[in-house]
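Let me begin by presenting the structure, written as structure tokens, before commenting on it.
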Amino acid sequence: MLSLAAPQYVAGRDADVRARVVDTGPPDSVTLFVRAAPGGFYRGLPMRSVGGYDYAASLPSTALHSGIYQFVITAFRGGKAVTFPAGVAGGPGDWNYHAQASWRFEVVGADTPLRLFDPGSDATRLTFTRIGDAGRRGLFRVAISPATGQPIFHLELPVDSSGWSPADYTASLVIRTGVLARQETIAGASELRLRLRGLGNGQTLHVTLMEDDGTCWTAALAVDSTWSERAVPLAQFTSGRGVLLPEGFPGEWNYWVGPAAERGGSADRPRLAHLERLQLSVRREDAGTVKPGGYGVEVESVTLGFTAR
């Protein structure tokens, strides 16, 4: 059983919750059980086959209010029931059902900011610039902010003992799932918000939004060692280069990617519904002469902000 539910749904609209049920044969029926968290009661809705192994259930907007929801899915066959993600016998309606495992989604307002990067949950999904044949793993760490208690992402320009460093060092994150979840309202996004600081004064973080056709929109943020909240209007992002990660091997062929055909002109603008990747980069051209660990940034969050209606 695989949940195909979106991480977020917009309040005031029906929600289509999907799952993939793979077995040696089709189940007799599949039921979605959903409840508000914490402490709500499970409500069951039948799921319909939508082709292949996929099933879907429609949640009416009247049943969804802003908040966090938990859900499980029960497959019935031959008079027996198995509930996932725990994979236990029985269902939430049984008196002795005790499984704690569940999936979750959020219901948010149309203007609720969309978090694109959370170091605590997203750091393991990042891909990085390769540093030679041996440097295939990302050079970073996740720490805890002494000011807020939140996870922070530490990214620095790799510098060896001789002073060598790569021209560019990028961390790339696929954000497509979150963007798709907000398709109906994402055109209302107006700015990118970051909480960050530099490892010292005079540091620059290059932030790139890459679309699914490879067209990239970039902004350079000058930061110092003080934590700050930065809001960059999307109108200030300009067409630029992104990075193809995971990186091809061997060498650095096909590393940089420019705008797609007929994209990136003066009249072009970011197509927010097509955003696919967020990239955070530090570059040697900005750093000058630095020692190992002396140039980079720490990022607590990256969020897409919406204009209030």
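Values as computed for the structure displayed
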item	result
Residue among 36, 56 that alone is at pLDDT below 95, of a type in the set (A, V, I, L, M, F, W, C) and either assigned to a loop (DSSP other than H, G, I, E, B) or surrounded by 14 or more Cβ atoms within 10 Å (Cβ to Cβ) (or both)	36
Scan of segment 1-30 for residues that are buried (at least 18 other Cβ atoms within 10 Å of the Cβ) and under 25 Å from residue 178 (Cα atoms), ordered by number	1, 3, 5, 6, 8, 9, 10, 15, 17, 19, 21
Selection within segment 276-309 - at positive phi and surrounded by fewer than 22 Cβ atoms within 10 Å (Cβ to Cβ)	288, 293
When residues of segment 270-285 are limited to those that are farther than 19 Å from residue 115 by Cα and not in a strand (DSSP E or B), the one nearest to the chain's Cα centre (by Cα)	284
Some residue of segment 42-56 being among the basic types (Lys, Arg) and within 27 Å of residue 110 (Cα to Cα)	yes
Any pair with Cβ under 7 angstrom, 6 or more apart, that starts in segment 11-25 at a residue that is in contact (Cβ under 8 Å) with a residue 60 or more places away in the chain and ends at one that is surrounded by fewer than 12 Cβ atoms within 10 Å (Cβ to Cβ)	11/65
Residues of segment 221-246 that turn out to be in contact (Cβ under 8 Å) with a residue 24 or more places away in the chain, part of a strand (DSSP E or B) and not hydroxyl-bearing (Ser, Thr, Tyr), as a count	10
Options 49, 66, 61; residue that is under 23 Å from the mean Cα position of the chain (by Cα), closer than 26 Å to residue 179 by Cα and not assigned by TED's automatic domain parsing to the domain that holds residue 118	66
When residues of segment 50-67 are limited to those that are aliphatic (A, V, I, L, M) and touching a residue at least 24 places away in the same chain (Cβ under 8 Å), the one farthest from residue 12 (Cα to Cα)	50
Total residues in segment 135-173, condition within 23 Å of residue 247 (Cα to Cα) and either in a strand (DSSP E or B) or of a type in the set (Asp, Glu) (or both)	15
Search result, residues across segment 268-292 that are out of contact with any strand residue (DSSP E or B) (no Cβ under 6 Å at 6 or more places or on another chain) and farther than 17 Å from residue 216 by Cβ	284, 285, 287, 288, 289, 290, 291, 292
Residue tally, condition part of a strand (DSSP E or B), touching a residue at least 24 places away in the same chain (Cβ under 8 Å) and not aromatic (Phe, Trp, Tyr), over segment 1-10	3
Residue within segment 74-94 that is under 30 Å from residue 153 (Cβ atoms) and assigned to a strand (DSSP E or B) present	no
Residue within segment 247-269 that is loosely packed, with under 12 Cβ neighbours inside 10 Å, out of contact with any Lys or Arg (no Cβ under 6 Å at 6 or more places or on another chain), touching a residue at least 40 places away in the same chain (Cβ under 8 Å) and in a loop (DSSP other than H, G, I, E, B) present	yes
Matching residues in segment 192-231 - criterion: being buried (at least 17 other Cβ atoms within 10 Å of the Cβ) and touching a helix residue (DSSP H, G or I) at 6+ places or on another chain (Cβ under 7 Å)	192, 204, 211, 219
Flag for residue 189 being buried (at least 18 other Cβ atoms within 10 Å of the Cβ), modelled with pLDDT of 90 or more and either in the same structural domain as residue 15 (by TED's automatic domain parsing) or under 17 Å from residue 113 (Cβ atoms) (or both)	yes
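The values are calculated or read from the model by the stated rules, or taken from the named source; none is laboratory data. Quick caveat, the model's predicted, so the values are computed rather than measured. Heads up, the Cβs are rebuilt from the backbone with ideal geometry, glycines too, and the neighbour counts pull from every protein chain shown.
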